[in-house]
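Student: I have a structure I would like to understand better, so I am pasting it below and will then ask my questions one at a time.
The values are calculated or read from the model by the stated rules, or taken from the named source; none is laboratory data. Remember, predicted model here, so these are calculated numbers, not experimental data. For neighbour counting, all protein chains shown are included, and Cβ atoms are generated from backbone atoms with ideal geometry for every residue, glycine included. Accessible surface is based on the protein model in full, side chains and every heavy atom, while ligands, DNA and RNA are left aside. Shrake-Rupley method; radii C 1.70, N 1.55, O 1.52, S 1.80 Å.
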Number of protein chains: 2
Amino acid sequence: MAKLDFGPIADTTRRAEIVALLRRAILTGQLEPGQKLNELRISEQMRVSRAPLREAMRELVQEGILTSIPYAGTFVIEVTAKDIIDAYSLNQVLDEFAIERTWPLRDQRFFDELDRRHEAVKQATRAKDTTRQIETALQLHGLIYEWADNSVLLETWQRLTSRLQMYFALHQRARNEPVPAEDVHETYVALLKGSDMRAAQRHAREHIDLDFEELLSYARGLEKRASKN
Amino acid sequence: MAKLDFGPIADTTRRAEIVALLRRAILTGQLEPGQKLNELRISEQMRVSRAPLREAMRELVQEGILTSIPYAGTFVIEVTAKDIIDAYSLNQVLDEFAIERTWPLRDQRFFDELDRRHEAVKQATRAKDTTRQIETALQLHGLIYEWADNSVLLETWQRLTSRLQMYFALHQRARNEPVPAEDVHETYVALLKGSDMRAAQRHAREHIDLDFEELLSYARGLEKRASKN
DNA sequence: GACAAGCAGATTGTCGACAATCTAACAAGA
DNA sequence: TCTTGTTAGATTGTCGACAATCTGCTTGTC
């Protein structure tokens, strides 16, 4: 018997598809922070009744990218500078932990997958597809979490990723300029292939990809704009 | 004008109450791991239609204590030894981080609240109310997360707490014997009041309250029982 | 007896309609 | 003018019924 892994069949509930659609719209910034989601309007656009739509929205609320106020509505979360700082600082700690756990488990398959994802980032960069660039960069970054063999850690990372992706997308949209052409992941990948775990951890802690500094300055801009209202 | 803080009004949707009811039932072990939740039966018992019940269940799925398989049902998550180990090891890392962030923010109000929660644990212990003892112990433990001034960290902790509470409740149920009478939190509280942050972190990392060792041995028992099927 | 097809019951997924609540505009009174 | 009460419209929360899907049993065939 060949050990062929078929994997699970796709979820074919409307709910699951709605979740995917909404999530994508939020994470790419098509739905802006603070924006209200009108159930009737969306359900008509999607040709779906409100029941599965509402269930989908509950999931995204719990996922942390929507927020719900009873009898008032469901809204895309607002993004403050503090949120970004908080998410980033937690991400640093988790990175360190993920690298520590992944380290002894690295094997050829890990290195191959690392290269594959790195290549995907470079390709998206060449194609100037900013949305895809963010996606692939986060997937590259997520490999250490998938490899760390800790399901709770992975879940936590995935929740965090949603927000990070949203933050970066907003940032890109705001500055509205082409993404950096040079490859900022070269060092990261090289360190993960190397033999100095501490160095890899230090790098993760100090220099996150996708220039975090810029993201922060964007966040501070948001803060100022918000305080004026 | 007296600066009286009224705080937000209680959510009075059926959905929110159902969430609370179900969560409590799961975390106290009244609903056992792996058990299926029959929508019709539960909605009749609660005198509620299936719509809000289903929405509540979606929330708990996303919260990580239920799992859903399309057209098959929604089930209480199974608990494996690995889950417990994973949750615990992540908890160690988060504790360290939370202590680091809380440390410079400690003030009189912090110490007062620390004592208050510690007292609550002792009281539950004296009353031999095991469920409440677990709850209060986790609340005591959660103070450093509430104080760390990092919303993402707090959310992560709350998710983790759900599972930890469930694990401990299962453990207590399984061994079915009175809880330890002596106070295991004395050292923890003292260290948090002291001036040696490293020592507090080390304590959190090495000796978690509510004897984790026992919990693990229980988890290993689960593993063995499961492998027999 | 083994096995596939098909049927019946139970359960989940989805729908359309109704009830409860909120918001904003307007009117009445101090 | 400011406050308070009222009302209409829109939106969310909930309900009961129907459709889609799964499960286990029965039946028929070899």
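Student: Using only Cα atoms, locate the centre of the range B:114-135 and the centre of the range B:13-60, then give the distance between them in Å, rounded to an integer.
Tutor: Value for the Cα centre distance between the two parts: 27 Å.
Student: Separate question: Between beta-carbons, use under 12 Å as the cut-off and find the net charge around A:Gln30, counting Lys and Arg +1, Asp and Glu -1.
Tutor: Result for the neighbourhood of A:Gln30: +2.
Student: At a probe size of 1.4 Å, how large is the accessible area of A:Lys36, to the nearest 10 Å²?
Tutor: 100 Å²
Student: State, in square angstrom and to the nearest 100, the accessible area buried between chains B and A, both chains counted, probe radius 1.4 Å.
Tutor: 3000 Å²
Student: Over the whole of A:64-77, what's the average partner chain Cβ count within 10 Å per residue? Rounded to a whole number, please.
Tutor: 2
Student: State the answer as a single residue: which of A:Thr131, A:Val121, A:Thr67 lies farthest towards the positive end of the charge dipole of the protein assembly as shown, with beta carbon charges of +1 for Lys and Arg and -1 for Asp and Glu, about the Cα centre.
Tutor: So the residue furthest toward the plus end is A:Thr67.
Student: In degrees between 0 and 90, to the nearest 10, how far off the longest principal axis of chain B does helix B:14-27 point, with axes built from Cα atoms?
Tutor: Here the helix axis deviates by roughly 70 degrees.
Student: Then there's this: At 0.36 nm per residue, and after removing the present C-alpha to C-alpha distance, how many nm does the segment from A:Glu63 to A:Glu44 gain when stretched out fully?
Tutor: 4.4 nm
Student: Which FRET efficiency value, to the nearest 0.05, is calculated for A:Thr12 and A:Gln158 with the Förster distance at 22 angstrom and r the Cβ-Cβ distance?
Tutor: With R0 = 22 Å, the Cβ-Cβ based efficiency is 0.50.
Student: Relative to the longest principal axis of chain B, what angle (0 to 90°, nearest 10) does the C-alpha long axis of helix B:212-228 take?
Tutor: Rounded to the nearest ten degrees, it is 20.
Student: Quantify how strongly other chains surround peptide B:111-124 by giving the mean number of their Cβ atoms within 10 Å of each of its Cβ atoms.
Tutor: Taking all residues of B:111-124 together, the mean is 0.
Student: Roughly speaking, to the nearest percent, how much of the range B:14-76's 1.4 Å accessible area is carbon and sulfur?
Tutor: Solvent-exposed carbon and sulfur of the range B:14-76 make up 48 percent of the total.
Student: While we're looking at this one, here's another question. Just from its helices, what would the mean residue ellipticity at 222 nm be for chain A, if runs of 4 or more DSSP H residues each count -39500 (n - 2.57) and the sum is divided by every residue, rounded to the nearest 500 deg cm²/dmol?
Tutor: -22000 deg cm²/dmol
Student: Sticking with this one: Could you order B:Asp149, A:Asp115 so the one with the most accessible surface comes first? Probe is 1.4 Å.
Tutor: Ranking B:Asp149, A:Asp115 by accessible area, largest first, yields B:Asp149, A:Asp115.
Student: In addition: Relative to the longest principal Cα axis of chain B, at what angle does helix B:151-175 sit, 0 to 90 degrees, rounded to 10?
Tutor: 70 degrees
Student: Which of the trypsin sites (Lys or Arg not before Pro) across the range A:39-71 are loop residues per DSSP, with 11 or fewer other Cβ within 10 Å?
Tutor: A:Arg47
Student: Would you mind working out the magnitude of the charge dipole of the range B:14-76 relative to its Cα centre, with +1 at each Lys and Arg C-beta and -1 at each Asp and Glu C-beta, to the nearest 20 Debye?
Tutor: That gives a dipole near 140 debye.
Student: According to a simple spin-label model (label point 7 Å from Cα along Cα-to-Cβ), what is the distance in nm between A:Arg202 and A:Asp129?
Tutor: 3.7 nm
Student: Using a probe radius of 1.4 Å on heavy atoms only, what accessible surface per residue do you get for the range A:81-227? Whole Å² is fine.
Tutor: Normalised by residue count, the accessible surface of the range A:81-227 is 47 Å².
Student: R0 = 30 Å: FRET efficiency of A:Asp149 with A:Val184, Cβ-based, nearest 0.05?
Tutor: E between A:Asp149 and A:Val184, to the nearest 0.05, is 0.65.
Student: Determine the share of the range B:81-228's accessible area contributed by carbon and sulfur atoms, expressed in whole percent, with a 1.4 angstrom probe.
Tutor: 48 percent
Student: Kirkwood Rh over alpha-carbon pairs of the range B:39-180, then Stokes-Einstein at 37 °C and 0.692 mPa s: what D in µm² s⁻¹, rounded to an integer?
Tutor: Reported coefficient: 189 µm²/s.
Student: If you don't mind, there's one more thing I want to ask. Per residue of B:100-107, how many C-beta atoms from partner chains lie within 10 Å of its own C-beta, taken as a mean?
Tutor: Partner Cβ neighbours, averaged per residue: 1.
Student: Just to be sure I understand: with springs between alpha-carbon atoms less than 10 Å apart, which residue in B:Leu143, B:Leu90, B:Leu170 has the highest mean-square fluctuation in the Gaussian network model of chain B?
Tutor: Greatest mean-square fluctuation among the candidates belongs to B:Leu90.
Student: By the scheme Lys and Arg +1, Asp and Glu -1, what is the net charge of all other residues having a beta-carbon under 11 Å from that of A:Trp147?
Tutor: Value of the local net charge: -1.
Student: For the protein assembly as shown, list log₁₀ I(q)/I(0) at each q in 0.10 Å⁻¹, using the Debye formula over Cα point scatterers of equal strength and ignoring solvent, two decimals each.
Tutor: Taking Cα atoms of the protein assembly as shown as identical point scatterers yields -0.86.
Student: Right, something else. What does the charge count near A:Gln133 come to, summing +1 for each Lys or Arg and -1 for each Asp or Glu among other residues with Cβ under 10 Å from its Cβ?
Tutor: So the surrounding residues net to +2.
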